[in-house]
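The values are calculated or read from the model by the stated rules, or taken from the named source; none is laboratory data. Bear in mind that the values here come from a model prediction, so they are computed numbers and not experimental data. Virtual Cβ from ideal backbone geometry, glycine too; neighbours counted across all protein chains shown. Surface accessibility is based on the protein's heavy atoms, side chains included, excluding ligands, DNA and RNA. Shrake-Rupley method; radii C 1.70, N 1.55, O 1.52, S 1.80 Å.
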Amino acid sequence: MTQTITSQRPFEANRDLQSPNRNLTPLTTCLDDKDQLSVGGCGLSDLAQRYGTPLYVLDETTLRATCRAYREALKRHYPGPSLPIYASKANSSLLMSSLVASEDFGLDAVSACELMTALQGGMPGERMVLHGNNKSDDELLLAYNNNVTIVVDNQHDLDRLAVLVPAGDSPARLMLRFTPGIECHTHEYIRTGHLDSKFGFDPDQLEPVLKSLAGQAWARLTGLHAHIGSQIFELEPHRDLAAVMADALKLARSLGHPVQDLNVGGGLGIRYVESDDPPSIDQWIEVVAQAVTTACRERALELPRLMCEPGRSLVATAGLTLYSVGSRKTIPGVRTYVAVDGGMSDNPRPITYQSLYTALLADRPLAEADETVNLVGKHCESGDVLLKDLPLPTTTSGDVVVVFATGAYNASMSSNYNRIPRPGAVIVQDGQSELVQKREQPDDLLRHDVLPERFRAVR
Ligand SMILES: *Cc1c(COP(=O)(O)O)cnc(C)c1O
């Protein structure tokens, strides 16, 4: 669908055009001649009307600018080869797979269906890695048969692969994941680099595992992997990680493994609220690249291919969610609740991680706030609060609310709690909007229910 917006003024002052993760809103967020919000040249309340709400919106310009920022930073700061790969668990779809493939990214998948989504979206298997701390035989085989590098997380992976790879066939391409023993400051549920983590081999298991893998005909160890956590604003942990990984690289090569890839994971944070101040993509890559380069030179190691796995910082800021306001409840002297037509089923991050967001009215983003409300969802759960203490102009039923930076870990973590169908998703660019995920219908949810014959008679 195309629409024409006559005049557009950039919405956010101090926009960081080079590093979208440092903005609150997509790069193309504008005010039209009526001071209403548009993204990608599409009026937001117009999108809400055309496609219904809740609606996920992705801005193509921001997505591509982010991909470019990663690629260019790697070229600028790393003297060796590099491959950025998209952590698709942040937002997995045919569209995202196709888009990042067209931007020369690789992709990481954590399940058979994430892997299939990426393959069908056009991502070459050779540019993909399969993660997971409990991979099924089917997942391992799907990866092996599509030349996907398997990130070995534990002994179980090794035991299964030794059985599954057909004797005499080409060896499985492996990357070894270990916990580097690095602490960082983020929510404990998304911290993965410390020793007490379900992911990866312990550092002291590294040597025995590398020794046991040496000379195995079914295995070709081509990389090492570590990931320290998510929504991280500090640079120091990534600097520390490089030295730990370079030691592991040296050990692996000394044991005869043809290790070329060093995968430092993802984790760069984004700006969800005004007070967040994440490093830019360029700064993050600069620190990682310099630390890896220095650590390798100190150990006289040939530079590996540097891989990083951004998820959140690649897709979060490009996305937003549109909701319609419905009911309200005011408890005098206590608080006002304003309810929208979605909530914890399309955005489980506030209830899971106490995450904060920024929200505005699509048609009155500049209007003075005259009340402070809790913006709540429609689910049967008191914790179903999207934003606490949000200053807003007085809303009426039908107003469209925009929640920004919902591109990562919203659609991908959504549920059907209360049997609420998942929202649809559109991508916007140059005044065009295109559907990339259909809104679920009640029939889609009922399709999997089975009522055994003997229950049918009961009335
Ligand atoms: C989640 C995850 C990522 C992506 O993390 P972000 O914080 O979204 O960048 C990368 N690699 C691995 C192994 C992960 O589990």
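Compute the distance in nm between two label points, each set 7 Å from the Cα along the Cα-to-Cβ direction, one at Ser170 and one at Glu298.
3.7
Could you put Lys89, Lys135 in order of accessible surface area, largest first, with the 1.4 Å probe and the full protein assembly present?
Numbers: Lys89 90, Lys135 5 Å².
Per-residue accessible area, sorted high to low, gives Lys89, Lys135.
What ranking of Asp282, Asp59 comes out by heavy-atom accessible area, probe 1.4 Å, highest first? Don't jump to the answer; show the numbers that get you there.
Numbers: Asp282 45, Asp59 0 Å².
Largest accessible area first, the residues go Asp282, Asp59.
If you count only protein heavy atoms with a 1.4 Å probe, what accessible area per residue comes out for region 61-315, rounded to a whole Å²?
On the way: 9770 Å² over 255 residues.
Using a 1.4 Å probe on heavy atoms only, each residue of region 61-315 averages 38 Å².
Can you give me the solvent accessible area of Met116 with a 1.4 Å probe, rounded to the nearest 10 Å²?
Ignoring ligands and nucleic acids, Met116 comes out at about 80 Å².
In sequence order, what are the phi-derived ³J(HN,Hα) couplings for region 99-115 according to the Karplus relation 6.51 cos²θ - 1.76 cosθ + 1.60 with θ = phi - 60°, rounded to whole Hz, with x for glycine and proline?
For region 99-115, the Karplus curve yields 5, 6, 4, 5, 9, 6, 8, x, 8, 10, 10, 10, 8, 4, 6, 4, 5 Hz.
How much length is gained if the chain between Glu126 and Leu366 is pulled fully straight, taking 0.36 nm per residue apart and subtracting their Cα-Cα distance, in nm to one decimal? List each step's numbers first, then the result.
Values: separation 240, 0.36 × 240 = 86.40 nm, distance 4.80 nm.
Extra length available between Glu126 and Leu366 comes to 81.6 nm.
Let me have the 222 nm mean residue ellipticity of the chain computed from DSSP H runs of 4+ only, each contributing -39500 (n - 2.57), with the sum over all residues rounded to the nearest 500. Intermediate values should be presented prior to the final figure.
Numbers: 13 runs with 126 residues, N = 459.
Helix contribution divided over all residues of the chain: -8000 deg cm²/dmol.
Can you compute the label reach from Lys211? Point 7 Å from Cα along the Cβ direction, backbone N cut-off under 18 Å, restricted to region 251-279.
251-257
Using a Cα-Cα cut-off of under 20 Å, which lysines could be cross-linked to Lys250, ignoring same-chain neighbours fewer than 8 residues away?
Partners found: Lys211.
Kindly report, to the nearest 10 Å², the accessible surface of Met96 as traced by a 1.4 Å probe over protein heavy atoms only.
0
For Lys329, give me every one of the lysines with a C-alpha distance below 23 angstrom, ignoring sequence neighbours fewer than eight places off in its own chain.
List returned: Lys378, Lys388.
Would you pull out the residues with amide H under 5 Å of Val436's amide H, same chain only if 5 or more places away, H placed 1.01 Å from N?
For Val436, the qualifying residues are Ala425, Val426, Ile427.
Might you work out the accessible area of Thr222 for me, using a 1.4 Å probe with all protein chains in place, and round it to the nearest 10 Å²?
Rounded to the nearest 10, that gives 10 Å².
Place a point 7 Å from Cα of Arg305 in the direction of its Cβ. Which residues in region 205-238 have their backbone N less than 18 Å from it?
Hits in region 205-238 for Arg305 at 18 Å: 219-226.
Using a 10 angstrom Cβ neighbour count of at most 11 plus a DSSP loop assignment to flag exposed GluC sites (Glu not before Pro), which longest range of the chain is free of such sites? Walk me through the numbers before you get to the answer.
Details: sites that count: Glu274, Glu302, Glu368.
In the chain, the maximal stretch lacking such sites is 1-273.
Using a 1.4 Å probe over the heavy atoms of the protein chains, calculate the carbon and sulfur portion of the accessible area of the chain as a whole percent. Don't skip to the end; give the middle numbers.
On the way: 9760 of 19660 Å².
The C+S portion of the solvent-accessible surface of the chain is 50 percent.
How high is the relative contact order of the chain? Use alpha-carbon pairs under 8 Å, at least six apart in sequence, and give a whole percent.
Working: 1057 pairs, mean separation 92.1, N = 459.
RCO, the chain: 20 percent.
At 7 Å along the Cα-to-beta-carbon direction for both Asp138 and Ser197, put a label point, then send me their distance in nm to one decimal.
My value for the distance between the label points is 2.8 nm.
Between Arg160 and Glu12, what is 0.36 nm times their sequence separation minus the Cα-Cα distance? Round to one decimal in nm. Can you show the working numbers first?
On the way: separation 148, 0.36 × 148 = 53.28 nm, distance 5.17 nm.
Here the answer is 48.1 nm.
Would you list, by chain and number, the lysines whose Cα falls below 20 Å from the Cα of Lys135, excluding same-chain residues fewer than 8 positions away?
Once the sequence-local lysines are set aside, what remains near Lys135 is Lys89, Lys198.
With r as the distance between the Cβ atoms of Cys380 and His448 and R0 = 22 Å, compute the FRET efficiency 1/(1 + (r/R0)^6) and round to 0.05. Display every interim value, and only then the final one.
Values: r = 21 Å, r/R0 = 0.97.
According to the calculation, E is roughly 0.55.
I need the calculated FRET efficiency for the pair Ser397 and Glu183, taking r as the beta carbon distance and R₀ as 51 Å, to the nearest 0.05.
Values: r = 47 Å, r/R0 = 0.93.
Computed FRET efficiency for Ser397 and Glu183: 0.60.
How many percent of DSSP beta bridges within the chain run antiparallel, rounded to 5?
50
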